[in-house]
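Report on one structure; see the data block that follows.
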Amino acid sequence: MANDYIIDIQHLSKSFGGVKVLDDINFYIRRGEFITLLGPSGCGKTTLLRQIAGFIAPDEGKILLEGKDISGIPPYERPLNTVFQRYALFPHLDVYDNIAFGLKLQKLPADEIQKRVKRMLKMVSMTDYEDRSVDSLSGGQQQRVAIARALVNYPKVLLLDEPLAALDLKMRKDMQLELKEIHRKMGITFIYVTHDQEEALTLSDTIVVMNEGKIQQIGTPIDIYNEPVNCFVADFIGESNILKGRMIRDRRVAFIKHQFDCVDEGFGEDVPVDVVVRPEDIYFTTDPAKCQFKAKVNSCIFKGVHYEMWVDTDTGYELMIQDYDPYEVGTEVMLYIDPDDIQVMHKERTRNVYDGKMVDESHVEMMGGVFECEPQEGLAEGDEVRAEIRFEDVDLLDHQEDGVVAGEVHFLLYKGNHYHLTILTDEGYHIWVDTNDIWDKGDLVGVNIAPGAIKLSKRND
Amino acid sequence: MIKRSHWSIPYIIFMVVFVVLPLLLIVMYAFQDGNGHFTFANITRFFTDKDSLSTFALSLEIAIENTLICILLGYPAAWILSNKDYNRSAVTAVLFIMPMWINALMRTLATAELFNVLGITLGKGTLLFGMVYDYIPFMIYPIYNTLSRMDKSYAEAAEDLGATPWKVFWKITVPLSLPGVMSGVLMVFMPTVSTFAISEFLTNNKIKLFGTIIQENINSSMWNYGAALAFIMLLIIGISTLFMNNDEKAAEGGLI
């Protein structure tokens, strides 16, 4: 099979203590590519990197390096090198010996080692530092030494585990450019792990967005930014207005109670969708002919390059807009959105669906709790049922013990006029909720559902 | 109002009464003859007396041997205790260190009795056994401390750069744990130079150590010569401690 994949990851899974950290990961990396694994902390990106490096063995799946499975090979035999998050420079060795460490292990002749170390020092602009102890270096300098120490071995792939996380903002920006330059000069494949979406967009040829052990989207920075495939990606990458919408027909979508032209096709007619509009893609206009909807500015903050404004639309939605020109709070403005700038996404789900079992004719057991439901005709005790609950019918309570089941707020999205929450219950179930109340991530909640809101049907699979 | 610096007064009084004054007394006695006149005779007597010198040499030899054996046995023990693959519970480490909490004299007497029951003749071998048994926890503890606090990423980085586990051990783990070893050496070497009880009980006084002759002199009321010997020993301990602490990281090992 002739392809240009230097690394091919197939069906990789890993659990720690019963928790799935990586769930059936599949992707490939082209030779010479700068690929970034991006996601919030705990999404599995570091575990994935450590599996490629060889520090963690996968439970299932394969990691192919140039077509050969390396899952069983120990890290010291893999032709890969890592730049560690806190650099892990050896404190008992000076800069030169740190960089020469790998070469000395390969038993290369002394003059060859010296030549390569010097070249590497020059590449990271640390030529005069070879005799310095690593403790005497600043964070940025330690960073350079760590990069040199890894690259001097000419690895087939360089793995970087949040290498810039410990640096201050200015230094981070400089190092980003330098890293990109080093990548260009060396032509080595880089696998970069970060939770910083801006860094990922700046550096990468390809971004792999991860969440909860699964790949959400793979694509170029421009694809990921402009065409997020789901609410998570849209929310995680950049600022965005994520709104409930309805595809009316091809190239026509309704949201915020207005209709807009768009460029998306193939969703079907009258289908619920999610819509993403970036705050910089909503334009002000003074031309009534161009105006698609009206709004009133309710806040305006200077952010350096642009102003960030929140507006209330005439239909009761809140939108974020970024523009170079400020509008005073209280101003009535006319707004429009280009069809190109409306990103329509399939809804991942339109309601909660759970498997349950009838306890008696007016109680159903599901998600580890017993919920009251309206007396059901034709359903008897012990019947297996499917329960459907609309997002807006789930009640969240301040005290966990007041709910039928308990959980915590796991993820939240503002959708213009309400919040869409993901609740993770103590039993491990997800419940999606639309609410006007304000909750924070991590809030502990009790969950209740009104008897009338549970729609039951007999399950026969 | 009492100033905060006044809080140290009780401790200063304690130090003066129980540390500074006794040391001054030792120095005073060391440089006096029996009639209280100043003299160097006690010091010169030590350096001209063959018996004293050879006892001193033997003490150093035994102390060095004891220290080496403690490192050879203690390091692997500390390494295994600190390694999560072999030992996940802190209790095991405590068990190893527990003998430290039992009076050394009691342990020594028990050891002597054990040799007696087994019919083993007392001599240098039993002396070394007793010393290692008494002092090895002081070697294990500081090494265990440095090893278990060591950032695992150093070993990972070395492995990542191509070092086999064996190479990682010799090139990373050992050099980085040297402060702990240093601290252990201080804890073991210093006390063994001056010990006398162990040699008394475990060799029936067949082998005399430096501590033994100090004790004998003081016991037979030869205060001035005894004080001179004690002074010499203090000097040696003081100098070697300073020398060891030059490696400023020795302190990281824990106990000192």
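The values are calculated or read from the model by the stated rules, or taken from the named source; none is laboratory data. Just so it is clear, the model here is predicted, and its values are computed rather than measured. Quick reminder, even Gly has a Cβ in these numbers, built from the backbone with ideal geometry, and neighbours come from all protein chains shown.
Among the residues of segment A:10-36, the ones that are farther than 20 Å from A:GLU66 by Cα and in a strand (DSSP E or B) come to 10 in all. Summed over segment B:152-178, the residues that are at the interface with chain A (Cβ under 7 Å from one of its Cβ atoms) and either within 30 Å of the chain's Cα centre (by Cα) or farther than 24 Å from A:VAL157 by Cα (or both) give a count of 3.
Among the residues of segment B:92-147, how many are among the hydroxyl-bearing types (Ser, Thr, Tyr), surrounded by 15 or more Cβ atoms within 10 Å (Cβ to Cβ) and over 19 Å from the mean Cα position of the chain (by Cα)?
First, the residues of segment B:92-147 that are among the hydroxyl-bearing types (Ser, Thr, Tyr): B:92, B:108, B:111, B:121, B:126, B:133, B:135, B:141, B:144, B:146.
Right, trim to surrounded by 15 or more Cβ atoms within 10 Å (Cβ to Cβ) and you get B:108, B:111, B:126, B:133, B:135, B:141, B:144, B:146.
Checking which are over 19 Å from the mean Cα position of the chain (by Cα) leaves us with B:111.
Of the residues in segment B:92-147, 1 are among the hydroxyl-bearing types (Ser, Thr, Tyr), surrounded by 15 or more Cβ atoms within 10 Å (Cβ to Cβ) and over 19 Å from the mean Cα position of the chain (by Cα).
Considering each of A:GLY102, A:GLY61 in turn, give the residue that is among the small types (Gly, Ala, Ser) and buried (at least 23 other Cβ atoms within 10 Å of the Cβ). So the residue among A:GLY102, A:GLY61 that is among the small types (Gly, Ala, Ser) and buried (at least 23 other Cβ atoms within 10 Å of the Cβ) is A:GLY102.
In the condition set (1) touching a helix residue (DSSP H, G or I) at 6+ places or on another chain (Cβ under 9 Å); (2) acidic (Asp, Glu); (3) not in a helix (DSSP H, G or I), B:ASP51 is compliant with all but (3). Residue selection: A:ASN460 fails the criterion of being of a type in the set (S, T, N, Q) and surrounded by 13 or more Cβ atoms within 10 Å (Cβ to Cβ). For B:ALA77, the requirement of being over 18 Å from the mean Cα position of the chain (by Cα), assigned to a helix (DSSP H, G or I) and surrounded by 13 or more Cβ atoms within 10 Å (Cβ to Cβ) is met.
Quick check on B:MET139: is it of a type outside the set (D, E, K, R) and either under 30 Å from B:PHE196 (Cβ atoms) or more than 14 Å from chain A (Cβ to nearest Cβ) (or both)? So B:MET139 fits the description; yes.
Does segment A:228-247 include one or more residues that are within 12 Å of the chain's Cα centre (by Cα), among the aromatic types (Phe, Trp, Tyr), under 21 Å from A:THR47 (Cα atoms) and buried (at least 19 other Cβ atoms within 10 Å of the Cβ)? Taking every residue of segment A:228-247 in turn, at least one turns out to be within 12 Å of the chain's Cα centre (by Cα), among the aromatic types (Phe, Trp, Tyr), under 21 Å from A:THR47 (Cα atoms) and buried (at least 19 other Cβ atoms within 10 Å of the Cβ). Within segment B:150-160, none of the residues are crowded, with 21+ Cβ neighbours inside 10 Å and either farther than 30 Å from A:LEU80 by Cβ or among the β-branched types (Val, Ile, Thr) (or both). When the test is whether a residue is in contact with a Phe, Trp or Tyr (Cβ under 9 Å, 6 or more places away or on another chain) and at pLDDT below 85, B:VAL181 does not pass it.
Being under 30 Å from A:HIS258 (Cβ atoms) and of a type in the set (Gly, Ala, Ser), is that true of even one residue in segment A:330-340? Before you say what the answer is, go through the steps one by one.
At the first step, the residues of segment A:330-340 found to be under 30 Å from A:HIS258 (Cβ atoms) are A:330-340.
Among the residues that remain, those that are also of a type in the set (Gly, Ala, Ser) are: A:330.
Yes, some residue in segment A:330-340 is under 30 Å from A:HIS258 (Cβ atoms) and of a type in the set (Gly, Ala, Ser).
Kindly establish whether A:ASP341 is at pLDDT 90 or above, under 22 Å from the mean Cα position of the chain (by Cα) and exposed (fewer than 13 other Cβ atoms within 10 Å of the Cβ). So A:ASP341 does not fit the description; no. Restricting attention to segment A:40-78 and to residues that are part of a loop (DSSP other than H, G, I, E, B) and of a type in the set (Ser, Thr, Tyr), the residue that is nearest to the chain's Cα centre (by Cα) turns out to be A:SER41. For segment B:84-134, which positions are closer than 21 Å to B:THR67 by Cα and of a type in the set (Asp, Glu)? Answer for segment B:84-134, where residues must be closer than 21 Å to B:THR67 by Cα and of a type in the set (Asp, Glu): just B:ASP134. Number of residues in segment B:46-61 that are more than 27 Å from the chain's Cα centre (by Cα) and surrounded by 14 or more Cβ atoms within 10 Å (Cβ to Cβ): the value is 0. Scan segment A:79-118 residue by residue and report those that are part of a helix (DSSP H, G or I), within 27 Å of B:SER177 (Cα to Cα) and either within 11 Å of another protein chain (Cβ to nearest Cβ) or of a type outside the set (A, V, I, L, M, F, W, C) (or both). Those that are part of a helix (DSSP H, G or I), within 27 Å of B:SER177 (Cα to Cα) and either within 11 Å of another protein chain (Cβ to nearest Cβ) or of a type outside the set (A, V, I, L, M, F, W, C) (or both): A:TYR96, A:ASP97, A:ASN98, A:ILE99, A:ALA100, A:PHE101, A:GLY102, A:LEU103, A:LYS104, A:LEU105.
For segment A:344-384, taking the residues that are part of a loop (DSSP other than H, G, I, E, B) and under 35 Å from the mean Cα position of the chain (by Cα), the one that is farthest from A:GLY266 (Cα to Cα) is identified as A:GLY368.
Taken together, the residues in segment A:17-39 that are touching a helix residue (DSSP H, G or I) at 6+ places or on another chain (Cβ under 8 Å) and aromatic (Phe, Trp, Tyr) amount to 1.
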